[in-house]
1. List pairs: first residue in region 146-171 and assigned by TED's automatic domain parsing to the domain that holds Gly264, second residue charged (D, E, K, R) and loosely packed, with under 14 Cβ neighbours inside 10 Å anywhere in the structure, Cβ distance under 6 angstrom, at least six positions apart or on different chains.
2. Determine, yes or no, whether Ala374 is assigned by TED's automatic domain parsing to the domain that holds Val462, within 30 Å of His561 (Cα to Cα) and in a helix (DSSP H, G or I).
3. Looking for something buried (at least 16 other Cβ atoms within 10 Å of the Cβ), free of Cβ contacts under 8 Å to residues at least 60 places away in the same chain and in contact with a Gly (Cβ under 9 Å, 6 or more places away or on another chain) - is there at least one such residue anywhere in region 240-249?
4. Being closer than 19 Å to Glu250 by Cα, small (Gly, Ala, Ser) and touching a strand residue (DSSP E or B) at 6+ places or on another chain (Cβ under 8 Å) is the filter here; which residues of region 126-185 pass it?
5. Determine whether region 529-538 contains at least one residue that is assigned to a strand (DSSP E or B) and either modelled with pLDDT under 95 or assigned by TED's automatic domain parsing to the domain that holds Gln451 (or both).
6. Checking the structure you have, find out if any residue of region 490-503 is in the same structural domain as Pro405 (by TED's automatic domain parsing), more than 24 Å from Ala446 (Cα to Cα) and in contact (Cβ under 8 Å) with a residue 40 or more places away in the chain.
7. Strands (runs of 3 or more DSSP E) wholly in region 92-206 with at least 2 residues that are within 24 Å of Tyr353 (Cα to Cα) - which ones?
8. Is it fair to say Asp477 is closer than 19 Å to Val605 by Cβ, acidic (Asp, Glu), touching a residue at least 12 places away in the same chain (Cβ under 8 Å) and assigned by TED's automatic domain parsing to the domain that holds Glu592?
Amino acid sequence: MTPPNQPETRSGAPVGWGIIGCGDVVERKSGPVFKQVPGSRLVTVMRRTEAAVRDFAERHQVPEWTTDAQAVIDHPDVTAVYIATPPEHHLEYALAVARAGKACLVEKPAGRSAAECRQMVEAFEAAGAPLWISYYRRDLPRYRAVKEIIDSGQLGALVSVEYRMSKQARFKQDRWNRATNGGGRFYDLAGHMFDLFDDWFGPIKLNGAAVANVIPGNTTEDAVALSFTAAGDVVGSAAWNFSAPASVDELVIQGLRGRIRMRGTSVDGAVHVELSPEAAIRLASSMPARAWQQARQKLKLTPRQTHRFGKVELPHRRLVENIVGQLATGHAVGNGREALRTSQFLDAALAEYYGGRDDQFWNRPASWRTRRAAAADRTDTAISEAYQLTPAELKRFDEDGYIGPFRCDANWQNIIVPIKKGRNLHLREPAVFDVCAHPSIVHRVAQAMRQPHLSLFKSRFVVKLPDTPGEVAWHQDAGENNGGFTADGLPVPTVTVWMAFDEVSEANGAMKIIPRSHLDLVGDFKKRIRAELIEKGVLTQEDLARAVTFALRPGEFYIFHSWLLHGSGPNTSKIRRAGLNIRYSPQGYDCEPEVEYIPLRVSAVAESNELLRDIA
């Protein structure tokens with residue numbers, strides 16, 4: 001029996017919901033809504049991990065749970081299915097729901113591309129079942145108020161729309177996997193804003209797009225600038241910066257008589273309306289006094305006004321209420337076509353960056369215009385005479401294990417050297433990445449390795465402050481966390497670049513190496529600086545007498561085989577000693593799954609197995 005005061009579906013029962021995917025969005029924004037909205041009940045939930053879905057069901061008092069998505073779709077008490085998985089599964093599950101002829105709500109963005117969104121929309125239209133995409137902001141009071149202000153005409157003819165969003169950089173490699181999500185933070189967030197623009201102004205047309213990748217570790221679109229037009233010759237611009245020092249979320253809608261200023265994505269923030277004094281006077285003079293007073297009371301027509309809204313705890317509630325209400329009438333239409341327009345706009349904006357988005361673009365990363373791809377293109381050129389190693393230098397690297405010093409021609413001077421937490425900043429700091437991938441370094445490394453294809457896999461700033469007593473014991477860099485081991489158990493040979501950011505001498509703790517020591521792995525090399533090579537007699541005084549000091553000027557670097565025995569003494573001077581340690585391996589030896597390998601190529605170098613000689 002239907003509880004009192006609840007709208008009924010044509011079958012006379014509340015809408016029974018099944019949820020596929022119970023992750024963060026369901027937990028924070030939408031999950032409880034399906035039990036709270038009149039005429040709605042939550043029947044069953046699904047997640048692939050049994051322990052996780054059982055925990056969700058118990059905490060939210062859901063009567064049934066499963067790890068099988070099809071079981072949710074086929075459940076006899078499920079009227080509508082909410083798909084809240086990552087976008088890679090949207091199409092698969094949505095098509096299954098369409099085949100079952102049931103209503104469906106899909107989390108945004110709808111699939112990984114407009115092509116996947118279109119397949120969903122067409123499948124539900126063919127099945128005669130409604131499809132909604134969770135662009136829930138249209139239904140919230142704040143955004144309804146904006147539409148009412150625009151439609152009232154009090155701003156006059158609309159002229160322009162300007163939107164700016166900035167957020168601090170994040171490095172979350174798995175979070176922004178294109179095969180999972182279809183894009184980066186722009187693709188994840190921007191759809192909400194363009195869905196609102198579609199609602200307020202009608203369909204919008206993209207005029208131009210500039211898309212860039214700033215953070216090397218993410219390879220996603222983290223800087224986007226767009227220009228567009230809407231009906232009535234409204235011109236628009238929008239920009240997203242996901243590597244900013246501070247957050248910005250600003251939307252300005254301007255007309256001939258006034259403007260709206262507001263935070264773009266806040267679900268309950270204030271909306272500020274500013275009318276020109278002349279516009280307010282003109283509007284007042286065109287009305288009878290009584291009509292003017294009524295208009296002021298209804299629309300709050302003053303030169304400056306602020307609309308405030310109650311706190312929104314569960315943003316999806318209004319959307320679900322709308323869906324349940326439509327299903328109760330038996331005349332639900334969904335918003336699939338509106339959402340498809342937004343998907344097509346996003347695809348058009350990102351098409352050039354991804355080399356097109358009509359196919360499975362996530363499987364061809366070489367075509368993306370990433371910072372990594374630009375670096376690979378920049379190094380895959382003829383080696384200039386300035387970076388060409390001589391036969392004597394190549395022989396010296398093979399026999400002694402090191403060559404240098406050389407000069408780095410990258411723009412390194414403005415890099416801020418961290419005292420601590422200086423590991424793998426090439427994944428987060430564009431300037432550091434550009435140094436690590438600069439031809440003045442990479443071309444020489446590739447020649448020394450005799451490898452046209454190499455991988456940048458590690459970097460670390462190493463700093464010794466003035467009057468620092470600590471020493472770095474003699475060691476070799478091989479094995480775990482230093483290139484890893486091949487399938488036959490041998491450590492991968494790698495090459496290290498040590499680049500100075502200060503004047504480096506023996507007095508301030510310059511690195512020292514023992515020539516020819518790369519030809520053998522000695523002692524317990526897996527312990528590295530804890531191998532106690534001197535204490536255990538592995539290194540003799542005769543060995544130490546052969547040590548060479550890497551004295552360097554700022555911007556100079558040495559290249560050495562990572563198995564070369566190296567260490568450093570204390571900084572007994574008043575001068576800081578700072579350097580950047582960069583590691584490269586041959587491609588095809590990406591042995592450590594937790595390490596991010598960035599491919600580089602120098603096709604001008606002939607391939608050889610010199611670096612990969614058997615361990616003596």
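The values are calculated or read from the model by the stated rules, or taken from the named source; none is laboratory data. The structure presented is a predicted model; accordingly, all values stated were derived computationally and were not measured. Heads up, the Cβs are rebuilt from the backbone with ideal geometry, glycines too, and the neighbour counts pull from every protein chain shown.
1. Arg164/Glu250
2. Spelling it out, Ala374 is indeed assigned by TED's automatic domain parsing to the domain that holds Val462, within 30 Å of His561 (Cα to Cα) and in a helix (DSSP H, G or I).
3. Among the residues of region 240-249, not one is buried (at least 16 other Cβ atoms within 10 Å of the Cβ), free of Cβ contacts under 8 Å to residues at least 60 places away in the same chain and in contact with a Gly (Cβ under 9 Å, 6 or more places away or on another chain), which makes the answer no.
4. Selection gives Ala145, Ser160, Ser166.
5. no
6. yes
7. 158-166
8. Values: closer than 19 Å to Val605 by Cβ: no; acidic (Asp, Glu): yes; touching a residue at least 12 places away in the same chain (Cβ under 8 Å): yes; assigned by TED's automatic domain parsing to the domain that holds Glu592: yes.
In short, no.
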